[in-house]
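Each remark here refers to the structure printed beneath this line.
The values are calculated or read from the model by the stated rules, or taken from the named source; none is laboratory data. Just so you know, these numbers come straight off a predicted model, no measurement behind them. Note that we place each Cβ from the backbone using ideal geometry, even for glycine, and neighbour counts take in every protein chain shown. Quick note on the areas: whole protein, heavy atoms, side chains included, nothing else; ligands and nucleic acids left out. Shrake-Rupley method; radii C 1.70, N 1.55, O 1.52, S 1.80 Å.
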Amino acid sequence: MAVSWRSWLANEGVKHLCLLIWLSLNALLFCKTFLLYNQGPEYHYLHQMLGLGLCLSRASAAVLNLNCSLILLPMCRTLLAFLRGSQKVPSRRTRRLLDKSRAFHITCGVTICIFSGVHVAAHLVNALNFSVNYSEDFVELNAARYRDEDPRKLLFTTVPGLTGVCMVVVLFLMTTASTYAIRVSNYDIFWYTHNLFFAFYMLLMLHVSGGLLKYQTNLDTHPPGCIFPNRTCCQDVSLPEHLSEHFHEPLPEELDQNTFVKICMEEPRFQANFPQTWLWISGPLCLYCAEKLYRCIRSNKPVTIISVTSHPSDVMEIRMVKENFKARPGQCPSETKATFGVHLKIVGDWTERFRDLLLPPSGQDSEILPFIQSRNYPKLYIDGPFGSPFEESLNYEISLCVAGGIGVTPFASILNTLLDDWKPYKLRRLYFIWVCRDIQSFHWFADLLCMLYNKFWQENRPDYVNIQLYLSQTDGIQKIIGEKYHALNSRLFIGRPRWRLLFDEIAKCNRGKTVGVFCCGPNSISKTLHKLSNQNNSYGTKFEYNKESFS
């Protein structure tokens, strides 16, 4: 099926426009800096000594400065939540762009790794050229102390060299620990190595203060390539006849008498470049540190644990109370007027240890632990709430919410909000699709779904919510058949959803309207929904795709 340009522009247009602007800024900085060091008169003598390595090292450094400043902004989560929820950004399309913050953070990180490699390679060549092309004429321009000095000494005995090596080590640790396999198998490694970013920025500040690369300051009195009068004329330099009297040696025979020659008034003077990196990163770094301080102050009081429930399929639910905790619909996994809760899927080392701290060893399927028990629980601190793409689900007239397994948790607060009062919101029809592996998983929110279904039947709005539950395994399906979950029996299907038919049905029932598509689940489902949201349909319906990202 062909791509709908209307849907594609809604889902991808602003994202690709911002990507194009970002790429243009990187390309502009790289080319401008490359040309400056390649053709700039103030770097004439330095370029003669170092060659292409000088241009590549400085051009890559300019790109690194830009991305080292931008990479911190997507991590200011409180600021992003404020912009999304306070309507400071009135356009829904722009608010949806804020949900791409994680992808932009990764993009900047990959760019930093690539151009760090270019920067390091160029400086290795520069270290060799400093040693081989040692200048006797311009001693202060040299980084080496003598000709053919071991380039390794420049790397390990100078401030720029030593800090550069340390930054490469830190960046390598952060990059390797950010891979999906390490994050899932041992999240602590990812967490602690990623917090080395502060050491990275401190090293970066020191790195640019070394002053090894210098530029010429007296271009007016010493134009690059000029000739000193009353000195032996250099070979391959031509002078007009009226100037030859200033030189002790006879002029070479090949000189053109009409050649223009620049005359030196004094020796060249050199000065170290003013470090500009702090101008790039000081603002975002201060903003991030201020936000981090605010979050520490906000979360410094532990929560009160009301209950801890162990659900089937390795899921744990924690109900808590915290003073002044307020969350908008879609921010907190499951919130009521009195308490709020989170559901955790036990999939890694961190969640396993967390479960062992809260739940005693037990063979029971479910155990509720009141906070008044004598058992000592660890102090639990909650930071947030933060923004979520699902906040927008109530701002569409029609929303399609698709959950896979534990991915249903972000929709719980949406359903609770509709259960309390659905009339203040724009939403008038909700399609809720939940795909699970086994029947036990549906018991997490089966009561909530039944109450929501019965509520709209009592209010004569049976078409408000359309619930479809899909099971990929049929073991124990008879357990849900009963009077308690009678409302869900007719909504239960075996197998996987036929997504294309589902989209066609929704488009047919909502001709010419905009449908918000929200997904939280496996990448396979996400990619399918994303692709279908961009495809054309014969009913003029536009699908706007939104996805929650966790890992």
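Quick notes
- C-alpha long axis of helix 101-132 to longest principal axis of the chain, angle in °: 20
- Whole-number accessible area per residue in Å² for the chain, which is evaluated in the context of all protein chains at 1.4 Å: 52
- Label-to-label distance, nm, for residues given as Ala290 and Val110 (7 Å Cα→Cβ offset): 3.2
- Net charge contributed by nearby residues that have their C-beta within less than 11 Å of Leu36 (K/R +1, D/E -1): +1
- Note on Arg511: accessible area approximately 140 square angstrom, rounded to 10, probe 1.4 Å, nucleic acids and ligands left out.
- Against the main long axis of the alpha-carbon atoms of the chain, helix 499-509 sits at an angle near 70°.
- Ranked order, Ile189, Ile414 - accessible area, probe 1.4 Å, largest first: Ile189, Ile414
- Dipole of the chain [Lys/Arg +1, Asp/Glu -1 at C-beta], most positive-end residue of Ser7, Phe274, Phe104: Ser7
- Förster radius 35 Å - calculated FRET efficiency between Arg269 and Thr158, Cβ distance, rounded to 0.05: 0.95
- Relative contact order of the chain, defined on C-alpha pairs under 8 angstrom at six or more residues apart (%): 14
- Cα-based helix-to-principal-axis angle, 52-70 vs the chain, degrees rounded to 10: 30
- Simple Cβ-charge dipole of the chain, Lys/Arg +1 and Asp/Glu -1, about Cα centre, in debye nearest 20: 3360
- Of all accessible heavy-atom area on the chain, the percent that carbon and sulfur account for (1.4 Å): 59
- Prolate/oblate/rounded call for region 380-447, Cα gyration tensor, a/c under 1.5 rounded: oblate
- Additional length obtainable on full extension of the chain from Cys226 to Thr351, 0.36 nm per residue less Cα span: 38.0 nm
- Alpha carbon centroid spacing (whole Å) that separates region 394-433 from region 263-314: 35
- FRET efficiency, Tyr146 to Thr217 (Cβ-Cβ, R0 41 Å, nearest 0.05): 0.95
- Efficiency of FRET from Cβ geometry, Met205 and His486, R₀ 56 Å, rounded to 0.05: 0.25
- Helical contribution to [θ] at 222 nm, DSSP H n ≥ 4, -39,500 (n - 2.57), averaged over the chain, rounded to 500: -13500 deg cm²/dmol
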